[in-house]
Structures are given as C-alpha cells and as structure tokens.
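Encoded as structure tokens, the structure appears first; notes follow it.
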Amino acid sequence: MVEVLASPDKAREVGTEAASLRAEVVRLRAELGAVRREQVRAREALSAVSDLCAVIGAGGEVVSINAAGLQMLGYAADDALRLGIGDLLAAEDARRIQGEIAPNLTTPGGIWRGELRLRRRDGAFLPTQQELRSILHPSGQRELVVIARHLTADRRAAGEQARLLARLRSLTAVLENTSDFVAMADTEGRILYVNPAGMALVGRAGGDPLSLRVADLQAPRDYERLITEIFPFVREHGSWLGELFLWHADGSEIPVSQVITVVRSELGEVVGYATISRDITELKRSEHERQRAIEAAESANRAKSVFLANMSHELRTPLNAILGFAQILVRSKGLSAEQREHLEVIGRSGEHLLSLINDVLEMSKIEAGRLTLNERVFEIRRLLDDLEDMLRLRVDERGLQMEIVVDPAVPEQLVADPAKLRQVLLNLLSNAIKFTDQGGVILRAQMVDDGRPRPGDEARLRVVVEDSGRGVAPEELARLFRPFEQTRSGRLSQEGTGLGLTISQHFVRMMGGEITVESAPDRGSRFAFDISVGVPAEVRASASFDPQRRVVSLAPGEPARRVLIVEDRWQNRELLRGLLEPIGFQIREAVHGEEAVAIAAEWRPHLIWMDIRMPVMDGHEATRRIKALPGGQEVVVIAISANVFEDDRTRMLAAGCAGFICKPFREREIFEAMAEHLGCAYLYDQPAVEPPAPKVDLAGPLRSASPEWREALQEAALAADAGRLAALIGEVRGRSPALADGLAALVRDYEYDAILGLLAGAP
C-alpha cells in the first residue's frame, strides 16, 4: 500500500476553498433571512390592505391571494389555492384578460387599469376598479398581479357628491333666473343675499346686496309688524304667508305676496330668515277693477230689478182691468152671441198677452237671481184636473186625444211649489198639443221609488209627457232649452217667445230635477223629469170650491162677510167690487194704507184685499198696523199686486198676510181664496152642456182655393198678421163658409201653426 502525501501547497488551496464555501453559506443564509423577513412584511402589508391582491400564474391558476380578497370573494383560506382566474372574474372579463389584456403587458413597466367584475362564491358580481401588472421571473415564467378595489362605496360617494353639486347648480340657477324677489337676512337684519330680479324689483339693479338691511327693503308701513309679529311667528311655526309691501328705491311701495321661512344651523339654532316675494301690482289692479265691475253689476241688477218691478206693475195693472172687466161683462145677462164672442176674444187676447209678459218677466227674474221656491201643500190630482179642463177645448178643436194617468201610489197631497209645477206642465202640454196634428198627448205621473211614500217622507215625483206629433230633428235638440230660440216648427207657428222650455228647465232644476227629451221627426216627443216633493204629515181638508163652475152667489145661510178693498186705482177697486158685491159680500174701499188702517179699526172687516204699492202708506206698513190693532190678528189680509217678485210676497207674508195673488187675477182665484180663508160656500151656475162641435175638414176646401190665395194666406200666417188673415178669410166666406169659419177660429186662438200645417197638407 502506497501512502500519497499531499503537498503543502495543495493543502493550503483546499483550506482556502473551504473557507470561501463557509463564507458563501453564511451570506446565503443572511440573504435568505432577509428574504423571509421581507416576505413576512409583504404578507403583513397585504393583510392590512382592504383591496384584493392576487397573483395569477401563467396557466391561469391563483398563486396567492390576500385575506381582503378572500373576504371580498367569500372564500376561506384553504380554498385559495384551488381557485382559477375563472373563479375570480366574470367569465367575459376572464376571457378578456387572457386573450387581450395580459399579452399586452409583456413590455417592461406594462400596467393596465380599468373596471372589471369580480365573481363572488355565491355567484354575485362586484364592480371593481382593477390594476394589472405582468411579472417576469428569472426562470422566464410570467405571472399576473391583480389589485382590485370595490367601486360601490366610491361610486355612491361620488354620485351623492355629483347630485349635491347638480342640486346646488340648479338652485343657484333658479335663484339667479327667477322673476320673483328672493332674499336672505341674518337675525340682526343684515341682508346676506338678494337675487338679481329682486334687486331690479326694488330699483337697485347692479347694487351690492350685502350693503343693505331689511329696513332698506321692507316698506316702513310693514317694518314694525315684521319685527314684532311676523319674525316671532316664523321662529315658532317655521314659516309665514301673507301680503306685505316692499320699498322701492324711489320711495314707492310694491305690493307683494310674501313667504318668509326660518333658516337654522346644523344645531337647530335660528341664524336668519329667507323670503320669496311675488309682485302682485297687476293682480291688485285687476282685483280693484273686478270689484268695481261687481259693484257695477250689482248696481245694474238693482236697477234692473226696480225696472222689472215697475214694468210688471205698469203692464199687469191695465191688463188686470182688461181681463177683469171682460170676466164681469161675460156674467151680464142679455148679451148677444156676437157680444159674448167679442168678450171671449178680449179674454183670449188678454190671456195670450199675459202669457208673453209672464215669460219675459220670469226670464228676467231668473237672470236677476230673484226667483225662489214657494212651497206649500197642494192636491196633485186637482192640479192635473185643472190643466186638463183648461186644455180640453184646444184638444177637441184639433181632433186629438188627451189622457192624464196618475199612479195610485202618488199621495193625494204633496209639498212643493204648485205654481211652478203647474207652469212647467202647462208649457209641456201646450207644446205637445200645438205640435201634434193627429193622435194625442198623454201625461203620466208616478213616484220614482216603488210603493206609496209615508206621511212626513221626502220623495221624488216623476212626470212624463208624450205626444205623437211632429217631433224635433236631432240637430235642433240642443237648442230646445236655450232662451229666445225656437225649433223650425216653433218659428213657423209664429207664437210665443221661445222662453217656455227655458223657464220650465230652470223651475225643474230649482225643484231638484232635470228635464230630458227624446224625439225624432214625425215620431213624436217624450219629455220627462223628476222633482223632489214632500208628503205632508197630516192631510188637510180641501176647500169646498169648484173651480170649473161660475160662482153666482153665497150659499143660503151664509153670513154676509165684510170685505175691505185697499187699492189706489179706481178701476181695480171697481173690478173687485163688481165681482164681490153681486155675490153677497159687504164692500168698503180705501185708496191708501192709512185710510185702510182707520176703516179696519172702526169697521172690523173679515177680509182685506191689500194692494202693495200705494201713496201715503204702502201695503206692508198698513198690514203691519192692522195686525197690531185689537182683534187685528183675526182679520184675514190677502195681498194683491201687479209685482210678481218674490221679495214682495215674502215681505207681505212676514207682515201678516195670509196669501198673495198676482194681477191680473182670475175670478176663480178670488173666490177660491175667500173659500179657503173664510170658509165661504157658494151657489154655482148650471152651464148648458153643449156637444163638441164636429171637426171640419179644412184640407179639402183649401186644395180647391187658388194657389195665389193660399200663398198669400201662408205669408200672412208666417207674419202673424191677423188683419191680413181676416181680409183673406173674408174673400172666401161667400163661396166656402165652413172654410172661413174654421180659419177664423184658428186665428182667434192664435193657431197660426195649424194654418201652416193645413197649407202644407193641401198643395
């Protein structure tokens, strides 16, 4: 065995290498410790970061992710190394990173920033702002560093800030551009802000608002109230609204509608006041002008009412004498047939004139707001019977049928305004008869609800009027209830004022209803309405008076009642005396109220007919004084006046009158009132029963007349020229007496529409 001994040089060389190796190991261990410490600091730093920090390997796997990222995504730490990029991001965003973003980060210092959506474990997506960096390892392997910040909170804060800024800009724009006066002042009265329009309004455009005080802008008349009343009210209640005056720089005052509100600090302390004021100068001027217009209208209405009252009195007073004396003369014995016919013409003409006057005055009362309801107990069947008797002659002359049907459930007595209901029904029935050439008219009355209402109940009465007449074209239906307008048939008839249906509609509306109409040409018409009625708690005994028969005397055994007639016009006194004295009443007269009081105190009349308008003392005062006399409450006073306004009726009833009758009156109204209030019983005449005159066929004789004569007759009928019609009728009397008599009868009754209808049927 040969032992090889190393040379000293070789030994020294080996020792040197060993020392170098030990030094390198020490250095490497030091570097490794530094790296480990750096890793610990990095992990601690990453743990403190609230953003997601993750490293993605070249294959898309998650190499590392911090705790904030795991919490953001909803994963546990043990799950981190099993995640891939598809688990961290929405699928679309993951494909975008791998295919588009990551390849573009290979250059040194390459960074991408933008918005991507993280995908939580529960499937929800979180919008994030992300920063991506590419890392190249010495081995040549690349990894992707992802830093993501949740955008929800940041966006909310940024959005709120943007909204606040937008609102501030909008508010500033509104304040700067509004035409109203907007201002703010502190609690010491110093002005903090006035918008440009406000400065212009007070004549200080271009000035510095901060140099002003409240006392410079609020009118002196309001300043003390503002300080002592309004500001304390605003501090307590938060705001105040009212009208004040601003002070213009030239010393004038500007009326404004002003809102004042309190301004508080964040601690709730009052730090000032804000106001928005609007110039109401034009509004005040308009209000003043409107007030003046209202006062002028009221004055005009008062003047109109006075005029209407005077016109009513002046028209009705002579008409009262005409109709009244015609009624007295008809009662005379020994009248020839011709004289009786002339008196009947006077009566019909007067009644026609009265109906025209009534329509115009009623319409005027409606326009003046002077119309009121005068409700009382009345017998509905008796009212309808009176209407039927009144219209029977016209119905028979036209060869028509008329039927009135009252349902048994309708009570015998109702509470309503019988005068207005009567006028409505008379208008509807008269129109139905006037515009019906063949067939008939039917009126039905029934209660709206089934069953008979009980005493004391409120109910509704329905009335329907149907005819088989000419009807109304659809385009004319809307004009039916307009004042002073008539349908084609109405215009051809040359009758009336065109007010009947207008007044009727107004009356029905006052009674709680509405007139409706269904009609078609040559198919007839149907008018219907419901009104509110009451049922009296007790049924009153009816007065024993027959309105269809003429009174000739008091019944045997009846005491002679004392009747005082108070009237300043002799013809009206003579008219009443002529009616009452032959019947058996004792009559005395007075020409004014003062004389009436003296006679009443001395003579003690049973009943007084009291005029309202008289010299020396009017009817109101006279009635009041008579009622104050000993035994005066037992005297029946009935007002009788040509003034038809309700206030006169109301005043007379308040003074103690038992009733009110309008001029011109019918004799039956006088006798019926005395039967009602004095219990008078009468003897009546026995009228001869005459068979109805046979209906004469006028169409045939008309066809045989010359075309020229028929054309002239049509023109005269259209013009309602009674004189011309009489002359034309006289031309044919010799050769056709029946035609002349028939046409003359139509002219006497103002049936011009019937003449036109006959001419239309006899071409």
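The values are calculated or read from the model by the stated rules, or taken from the named source; none is laboratory data. Just so it is clear, the model here is predicted, and its values are computed rather than measured. With ideal geometry, Cβ positions are generated from the backbone for all residues, glycine too; neighbour counts draw on all protein chains shown. Just so you know, the surface numbers come from the protein's heavy atoms only, side chains and all, with ligands and any DNA or RNA stripped out. Shrake-Rupley method; radii C 1.70, N 1.55, O 1.52, S 1.80 Å.
Remarks
- In a simple Cβ point-charge model (Lys, Arg +1; Asp, Glu -1; nothing else charged), the stretch 591-661 has a dipole of about 160 debye relative to its Cα centre.
- Site pair Val26 and Arg142 shows an inter-label distance of 4.3 nm when each label is modelled 7 Å from Cα along Cα→Cβ.
- Cβ-based net charge around Val463, under 12 Å, with every Lys or Arg adding one and every Asp or Glu removing one: +2
- Cα centroid separation, the stretch 607-667 to the stretch 252-306: 49 Å.
- For His237, the accessible surface of its heavy atoms amounts to roughly 110 Å² (probe 1.4 Å, protein chains only, rounded to the nearest 10).
- Contour minus Cα-Cα distance for Glu458 and Ala745 (0.36 nm per residue): 98.7 nm
- Charge tally for Val263 (other residues, Cβ to Cβ under 15 Å; Lys, Arg +1; Asp, Glu -1): -2.
- Protection-proxy order for peptides 579-585, 466-472, each taking the mean of Cβ atoms within 10 Å per residue, highest first: 466-472, 579-585
- Relative contact order of the stretch 46-141, pairs being alpha-carbon contacts under 8 Å that are 6 or more residues apart, as %: 21
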